[in-house]
1. Given the options Pro66, Pro45, name the one that is within 16 Å of the ligand (Cβ to nearest atom) and within 12 Å of the chain's Cα centre (by Cα).
2. Out of the residues in the range 111-130 meeting the condition of being more than 15 Å from the ligand (Cβ to nearest atom) and under 17 Å from the mean Cα position of the chain (by Cα), tell me which one is farthest from Glu52 (Cα to Cα).
3. Using the structure shown, decide if Gly141 is within 17 Å of Leu49 (Cα to Cα), part of a strand (DSSP E or B), within 16 Å of the ligand (Cβ to nearest atom) and over 11 Å from the mean Cα position of the chain (by Cα).
4. Kindly provide the set of residues from the range 70-86 that are outside any strand (DSSP E or B) and in contact with a strand residue (DSSP E or B) (Cβ under 6 Å, 6 or more places away or on another chain), ordered by number.
5. Please determine whether any residue of the range 72-91 is surrounded by 15 or more Cβ atoms within 10 Å (Cβ to Cβ), within 16 Å of the ligand (Cβ to nearest atom) and under 11 Å from the mean Cα position of the chain (by Cα).
6. For the range 98-126, give me the residue count where each residue is closer than 22 Å to Gly149 by Cβ and surrounded by 19 or more Cβ atoms within 10 Å (Cβ to Cβ).
7. Among the residues of the range 87-138, write down those that are in a loop (DSSP other than H, G, I, E, B), among the aliphatic types (A, V, I, L, M) and under 12 Å from Thr75 (Cα atoms).
Amino acid sequence: MKSNRFAAIIIAALAALLLAGCNPNPPEKTAAADTAAATAPADAPPTRLAQEGPYKFSLSLEPMPPKNLTKTTFTLMALAPEGKGLSGATITLDLKMNHPMGPNQVVLKEQSPGTYTGEGVFTMGGDWEAHITAKKGKQTGTARFAIRGVSFTK
Ligand SMILES: [Cu+2]
């Protein structure tokens, strides 16, 4: 199939551009990521670094370990102060590295009270952070998770 081969070349070229454009070395980690995630293996599940506001969050990914340029499902569990599943919130997840990568936001949709999911793509291998913002009425809750060791290859 000629078109498949062409697509593969385009993807390879795009990957090379992304790698060249965002200087993968030396990886300079944030202090918070260092302290909270230093002991976790490189392919550990997302580690919560910080959480502010009235809600409690935990994050999981599929596939795990995550891969570069591969559709990834983000599942966020969100609890309201009473310990019930948070319902009716608007939740976004911003993927960031320790250098400019451009905006990479996933809007999470409520599947059931307390469970929000969305699909996104890591645009580079390496260590990322997911920044969560949950809004409901006048309340806002945030959290940051370390996502280490996103595979450079698919
Ligand atoms: Cu990068």
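1. Details: Pro45 fails: within 16 Å of the ligand (Cβ to nearest atom).
Matching residue, one of Pro66, Pro45: Pro66.
2. Going residue by residue through the range 111-130, those that are more than 15 Å from the ligand (Cβ to nearest atom) are 111-119.
Right, trim to under 17 Å from the mean Cα position of the chain (by Cα) and you get 115-119.
Values: Thr115: 19, Tyr116: 18, Thr117: 20, Gly118: 22, Glu119: 24 Å.
Checking each candidate, the answer is Glu119.
3. Values: within 17 Å of Leu49 (Cα to Cα): yes; part of a strand (DSSP E or B): yes; within 16 Å of the ligand (Cβ to nearest atom): no; over 11 Å from the mean Cα position of the chain (by Cα): yes.
It is false that Gly141 is within 17 Å of Leu49 (Cα to Cα), part of a strand (DSSP E or B), within 16 Å of the ligand (Cβ to nearest atom) and over 11 Å from the mean Cα position of the chain (by Cα).
4. Filtering the range 70-86 for residues outside any strand (DSSP E or B) gives 70, 80-84, 86.
Listed by number, the list holds a single entry, Leu86.
5. Yes, the range 72-91 contains a residue that is surrounded by 15 or more Cβ atoms within 10 Å (Cβ to Cβ), within 16 Å of the ligand (Cβ to nearest atom) and under 11 Å from the mean Cα position of the chain (by Cα).
6. Residues in the range 98-126 being closer than 22 Å to Gly149 by Cβ and surrounded by 19 or more Cβ atoms within 10 Å (Cβ to Cβ): 7 in total.
7. To start, the set of residues in the range 87-138 that are in a loop (DSSP other than H, G, I, E, B) comprises 87-89, 97-104, 113-114, 122-125, 137-138.
Now restrict to residues that are among the aliphatic types (A, V, I, L, M): 89, 97, 101, 124.
Residues satisfying the conditions do not exist here.
Bear in mind that the values in this text are calculations on the coordinates, not laboratory data. Here the structure is a predicted model, which means the values were calculated and not measured. Every residue, glycine among them, receives a Cβ derived from its backbone with ideal geometry; neighbour counts consider all protein chains shown.
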